[in-house]
Amino acid sequence: MPQSMTTTAQLQLWIERLRAGDESARDQLITCCCSRLLQLTRKMLKRYPRVKRWEETDDVLQNVSLRLRRTLAQVTPSSVLDFLRLASLNIRRELLDLVKHYYGPRGLGVHHVSDPGDNGGETRTPATEAADVAHEPSRLALWSEFHQAIEALPDESREVFDLLWYQGLSPAEAAEVLEVTPRTVQRRWQGARLQLFEALHGELPPAD
């Protein structure tokens with residue numbers, strides 16, 4: 001598995017320990033998703049300087065960790081798939097809330113007016129900054145639509161997208177978790193991408 005993940009067997013062991021009442025296993029399960037969340041947050045925010053002014057990726061990480069902790073206090077997953085499904089849901093909801101917080105109808109990013117004389121000590125190119133800022137709301141709105149469209153996928157397609165995109169598993173690793181063949185995972189992945197492409201009218205968030 002990728003460096004941000006542990007083996008399926010280790011995840012299952014932690015789940016079994018949690019079900020047996022070992023509270024420390026909850027921390028282990030939460031920690032195993034942290035690196036992947038950081039990658040996704042940085043990927044989503046790297047093009048949006050105004051959001052990055054207020055939100056550090058570590059803050060997002062803390063928020064989703066709290067979400068997962070509350071969820072795992074109420075629901076104990078019975079399998080690796082159950083846990084990764086819950087983890088992906090909480091990651092997706094945190095990223096959606098992040099966009100809404102800054103660029104919803106009452107968002108801070110929409111109504112904030114920057115003081116051109118105060119750049120926080122940073123050196124920047126005004127023309128580039130202005131161009132980026134002008135497009136931030138619409139670009140972030142696309143990320144919001146993207147996460148919402150994933151949530152609306154059929155169960156099989158969403159599960160594969162959760163494992164490959166939100167958790168960073170390979171098709172072979174996802175196949176192990178889902179107990180299907182890698183070919184089935186690839187077929188569902190291609191179908192999910194096609195459904196997202198159609199739902200977003202052919203426009204997807206930037207790949208990097």
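The values are calculated or read from the model by the stated rules, or taken from the named source; none is laboratory data. In this text, all values refer to a predicted model and were calculated from it rather than measured experimentally. Backbone-built Cβ (ideal geometry, glycine too); neighbour counts: all protein chains shown.
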Practice prompt. Would you check if E56 is at pLDDT 75 or above and surrounded by fewer than 18 Cβ atoms within 10 Å (Cβ to Cβ)?
Written response: no
Discussion item. Just to verify a result, which residue in segment 167-189, among those that are in contact (Cβ under 8 Å) with a residue 40 or more places away in the chain and touching a Leu at 6+ places or on another chain (Cβ under 6 Å), is farthest from C34 (Cα to Cα)?
Written reply: V177
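Being outside any helix (DSSP H, G or I) and among the small types (G, A, S) is the filter; apply it to segment 188-208 and report the residue that is modelled with the lowest pLDDT.
Step one: filter segment 188-208 for residues outside any helix (DSSP H, G or I), giving 200-208.
Subsequent filtering for residues that are among the small types (G, A, S) retains 202, 207.
Numbers: G202: 87, A207: 60.
So, considering only residues that are outside any helix (DSSP H, G or I) and among the small types (G, A, S), the one modelled with the lowest pLDDT is A207.
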Response to the item:
Counting only residues that are more than 21 Å from A149 (Cα to Cα) and basic (K, R), segment 167-208 contains a total of 1
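Every residue, every condition in (1) modelled with pLDDT of 95 or more; (2) buried (at least 21 other Cβ atoms within 10 Å of the Cβ); (3) closer than 20 Å to I15 by Cα, yes or no:
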residue: W143; (1), (2), (3): no, yes, no
residue: Q148; (1), (2), (3): no, no, no
residue: E151; (1), (2), (3): no, no, no
residue: D162; (1), (2), (3): no, yes, yes
residue: E173; (1), (2), (3): no, no, yes
Worksheet entry | Members of segment 7-43 that are surrounded by 15 or more Cβ atoms within 10 Å (Cβ to Cβ) and outside any helix (DSSP H, G or I) | C32, C33
